[in-house]
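What follows draws every value from the coordinates through simple rules; no lab data is involved. Everything numeric in this text was worked out from a predicted model, so none of it was measured. A quick note on method: Cβ atoms are made from the backbone with ideal geometry, for glycine too, and the neighbour counts reach across all protein chains shown.
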C-alpha cells in the first residue's frame with residue numbers, strides 16, 4: 001500500500017444559511033496516496049468542491065480531521081500551516097478569474113515564489129520562464145497580460161503558477177470545464193505529462209466522467225454530501241455497484257457508435 | 001431538400017464594427033437548411049460564429065454588428081430583409097429561442113405567469129384567461145409538478161433544472177414552427193440533461209424544426225438529424241449527424257472528434273488539434289483551418305475553396321477531402 005499524502009477521516013462540513021443548516025459534506029473519508037490521481041465526480045451541489053477546500057485546509061471541517069503527510073491540518077498553528085501550503089496547490093475552473101489581471105504571465109508565475117521568499121528576483125524569473133516553457137507557453141509571450149491569451153493558454157499559465165512552489169499535491173476543480181474540446185484535450189495531455197514527469201499526486205474534481213476516466217487511478221463518486229462509491233477507475237466504470245453511479249454512467253450520451261473500438 | 005425547408009439560410013455574412021480598424025467578419029458566407037420536425041446541430045468551438053449566426057437570423061445582434069450579405073427564407077419571407085417591426089411579429093410566435101442559462105434569459109422580477117403569457121398576449125393570440133390556461137398546460141407538459149401553483153413563483157424559486165424546463169415551456173407556449181436552442185443543456189447536470197432533450201424531442205415530433213447550437217457531440221448525436229460544423233465563421237462540413245460522427249471528412253471535423261473524450265474511450269489515443277482557432281482580425285487566406293491542418297498543402301489551401309459535395313447530403317469545404325466513390 002503506497003503511503004497517504006492527504007487523508008480525510010470522517011469529515012463533515014455543515015454550513016449555516018438563512019434556509020437552515022446545509023450538510024455539504026457528510027461523514028466522508030478519502031485518501032490521495034503519493035503519486036496517485038484520485039478522481040472525484042458528482043453533480044452540482046454534491047459537495048465535491050467543499051471536499052476539495054477541506055482537503056486543502058482552506059476550510060475546517062465541522063467534525064472529523066484532515067491529515068496532510070501525517071499532520072492534522074486543523075491542529076497546526078498558522079505559521080506551520082503556512083509552511084505546508086506550498087506543498088498543495090490548486091487549479092480552478094475559470095483561469096481568467098484565478099489569474100491576476102494586472103500582472104503579466106510571468107509575473108503571475110513569479111508571485112507565489114516571491115510570497116514564499118524563494119530565491120532572488122533573477123532566479124525567480126528563470127524559474128518562471130522554465131515553468132511557462134514546461135506548460136507550453138511561448139516564453140516570448142511571457143510579458144503579455146492574461147487577457148491577451150486564449151482560455152486554454154490562461155489555464156496553462158494558472159497551471160505553471162500552481163507548479164511554481166513544487167507541490168506534492170495538485171487539486172484541480174473542474175480545470176477543463178470552461179475550455180473548448182480541442183483545448184481540453186491539450187490540457188488533459190499536459191496533466192498526463194506532468195504526472196509522469198514530476199510524479200505529482202492529483203485530486204481531480206469534475207462532473208465530466210470521460211475526463212475523470214482518462215486521468216484517474218481511482219474514483220470516488222459523491223452524491224448529496226456523501227461518497228456513495230469508491231474504487232479503481234477500471235472497476236468503477238466497468239461494473240458500478242451503487243445505483244447513483246449507475247444512473248450517472250447511463251446518463252452519458254455517446255459520441256461514437258462504439259467507443260473503445 | 002430546400003423545397004421542404006422551414007428555414008433556409010444562404011450566404012449569411014455578419015460583421016462587427018471596430019474603432020479604428022476594419023470591420024471584423026464573424027460569420028462568413030454561412031448556408032444551411034432546417035426542415036420541419038427535424039433538428040439541425042450547429043457544432044463548433046467558441047468564436048466559430050454559431051451564436052452570431054443564429055442571432056443574425058433572429059435579428060437580436062448587438063448594435064455594433066451588421067448583416068452585410070445573405071438571406072434567411074422563412075415562410076416565404078426573407079427574415080434579413082423584412083425589418084425589425086415585422087421581425088418582432090415572427091419572434092416569440094413563429095420562432096422561439098431557448099438559451100443556456102434560464103437565470104439570465106428570464107426576468108428575475110416577473111412571475112412565471114407574466115413571462116409565459118407575454119408572447120401570447122403581445123401577439124394577440126388569445127385573451128388573458130386563455131393565455132393563463134395555456135401557460136399552466138405548458139408548465140405541466142415540461143414536467144413541472146403542480147403547475148397551477150408554480151406559475152405564481154419567480155425564477156429564483158426554482159431549481160436549475162426546473163428553471164430550464166420553465167424556459168422551454170415559455171418557448172413552447174406559442175407552438176412555434178422553429179425553435180432555436182443555444183446550448184440548452186450545458187448548464188444542467190447530466191441526469192437532467194436527457195430529460196430536457198426528451199422534452200425538446202416531443203416538440204420535434206409535433207413538427208417543430210429545431211436548430212441546436214452545441215459543442216457537446218454526444219448531445220448532438222442523441223438529438224439531431226443533421227449537422228453543420230463551423231470554424232472561424234464558416235461552415236466547413238455539412239452531413240447527416242451519424243455520418244459526421246462516425247466518418248468525419250473535413251480535417252477540422254476529424255480533429256474535433258479526435259479531441260473529444262468519452263466514457264469507455266480511456267484507451268483511445270487523444271489527438272488534440274495543435275494550436276488554437278485564428279484571431280478573426282487575422283484570418284488566414286483561403287481555408288481558415290489550414291495553419292493548424294496536418295494535411296494542408298500550400299499554396300492550394302491558402303486559396304479559396306468551393307464547397308465540394310462528398311456524398312449523399314454531405315459536403316465539405318476542403319481541397320483534400322475524400323469524396324465518396
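Here are a few things to note about the model shown:
- Global form of region A:13-91, assessed from the alpha-carbon gyration tensor, a/c cut-off 1.5: oblate
- Compactness relative to 2.2 N^0.38 Å, alpha carbon Rg of region B:92-241: 1.05
- Shielding by other protein chains, A:210-220, mean Cβ within 10 Å: 3
- Percent RCO, i.e. relative contact order, over region A:106-261, from Cα pairs under 8 Å lying at least 6 residues apart: 15
- When B:133, A:75 are arranged by Cβ crowding within 10 Å, least crowded first, meaning fewest neighbours, the order is A:75, B:133.
- 10 Å Cβ neighbours from other chains, averaged over peptide A:247-254: 6
- Mean Cβ neighbour count within 10 Å, used as a protection proxy, ranking B:15-22, B:4-11 highest first: B:4-11, B:15-22
- A simple spin-label model places pseudo-atoms 7 Å from Cα toward Cβ; at residue A:63 and residue B:128 they are separated by 5.5 nm.
- Computed across region B:71-133, the Kirkwood hydrodynamic radius from all distinct Cα-Cα pairs reaches 13.4 Å.
- Rg/Rg_ref, region A:1-133, where Rg_ref = 2.2 N^0.38 Å and atoms are Cα: 1.23
- log10 of Debye I(q)/I(0), alpha-carbon scatterers only, for region B:200-324 at 0.23 Å⁻¹: -1.43
- Counting only Cα atoms, the size of region A:137-199 along its three principal axes is 31, 26, 18 Å, in decreasing order.
- With eigenvalues of the C-alpha gyration tensor scaled by 5 and rooted, region B:4-66, Å: 25, 12, 10
- Projected label distance in nm at residue A:126 and residue A:23, using a 7 Å step from Cα toward the beta-carbon: 5.5
- Kirkwood Rh, angstrom, chain B [1 / mean 1/r, Cα pairs]: 20.8
- Average silhouette area of region B:283-325, convex hull of alpha-carbon atoms, in square nanometres: 3.2
- Residue separation of residue A:251 and residue A:74 scaled by 0.36 nm, minus their Cα-Cα distance, works out to 59.9 nm of gained length.
- Among B:139, B:270, B:116, residue whose mean-square fluctuation peaks in a GNM of chain B (springs only between Cα atoms under 10 Å): B:270
- Once the mean of 1/r is taken over each pair of separate Cα atoms and inverted, the protein assembly as shown shows a Kirkwood hydrodynamic radius of 26.0 Å.
- Our helix-only sum for the protein assembly as shown, with -39,500 (n - 2.57) per DSSP H run of n ≥ 4 divided by its residues, gives a mean residue ellipticity at 222 nm of -9500 deg cm²/dmol.
- Relative to the longest principal axis of the Cα atoms of chain B, the long axis of helix B:112-122 lies at roughly 80 degrees.
- Coarse-grained scattering of chain A at q = 0.10 Å⁻¹, given as base-10 log I(q)/I(0) from a Debye sum over alpha-carbon atoms: -0.52
- Chain A, relative contact order in percent, only Cα pairs under 8 angstrom and at least six apart counted: 26
- Per residue of B:184-194, other chain Cβ atoms within 10 Å of the residue Cβ number 4 on average.
- Förster-model FRET efficiency, 25 Å R0, residue B:175 and residue B:31, C-beta, rounded to 0.05: 0.35
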